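A.B. asks: Structure provided below as structure tokens; questions to follow.
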């Protein structure tokens, strides 16, 4: 199961890298709103790291509200949820208020 999750995260983070590279290199004429919505959806399903890294590498629309604010917020929430799930599965106390 862990191999599946790692493979999924690798593939879902390579997808925005390819999309940003193609849009940056070939300047495909897609409306910016549609493109940002696609990046937002990819960020929701786990591709936030790929979007952030690639936008930094190519200096690609870093001033966009989606890439600047929402993707890091989604990434933070996903990390917190993952930590809570890991702690529950392993039986660890996340907060010990004794």
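A.B. asks: For the stretch 20-37, give me each residue that is at pLDDT below 90 and either assigned to a helix (DSSP H, G or I) or touching a strand residue (DSSP E or B) at 6+ places or on another chain (Cβ under 8 Å) (or both). Reasoning before the result, please.
C.D. replies: Quick first cut of the stretch 20-37, residues at pLDDT below 90 only: 20-36.
Those that are at pLDDT below 90 and either assigned to a helix (DSSP H, G or I) or touching a strand residue (DSSP E or B) at 6+ places or on another chain (Cβ under 8 Å) (or both): 20, 21, 22, 23, 24, 25, 26, 32, 33, 34, 35, 36.
Yes/no per residue for (1) over 21 Å from residue 9 (Cα atoms); (2) surrounded by 12 or more Cβ atoms within 10 Å (Cβ to Cβ); (3) free of Cβ contacts under 8 Å to residues at least 40 places away in the same chain; (4) within 17 Å of the chain's Cα centre (by Cα):
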site	(1), (2), (3), (4)
23	yes, yes, yes, no
27	yes, no, yes, no
31	yes, no, yes, no
38	no, yes, yes, yes
41	no, no, yes, yes
45	no, yes, yes, yes
51	no, yes, yes, yes
56	no, no, yes, yes
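A.B. asks: Take the conditions part of a helix (DSSP H, G or I) and within 15 Å of the chain's Cα centre (by Cα) and apply them to residue 86. Does it pass? Spell out how you get there, then give the answer.
C.D. replies: Numbers: part of a helix (DSSP H, G or I): yes; within 15 Å of the chain's Cα centre (by Cα): no.
Criteria not met by residue 86.
A.B. asks: Also, I was wondering about something else. Being in a helix (DSSP H, G or I) and touching a helix residue (DSSP H, G or I) at 6+ places or on another chain (Cβ under 6 Å) is the filter; apply it to the stretch 58-79 and report the residue that is farthest from residue 11 (Cα to Cα).
C.D. replies: Here the answer is 66.
The values are calculated or read from the model by the stated rules, or taken from the named source; none is laboratory data. Quantities reported herein were computed from a predicted structural model and do not represent experimental measurements. Cβ atoms come from the backbone with ideal geometry, glycine included; neighbour counts cover every protein chain shown.
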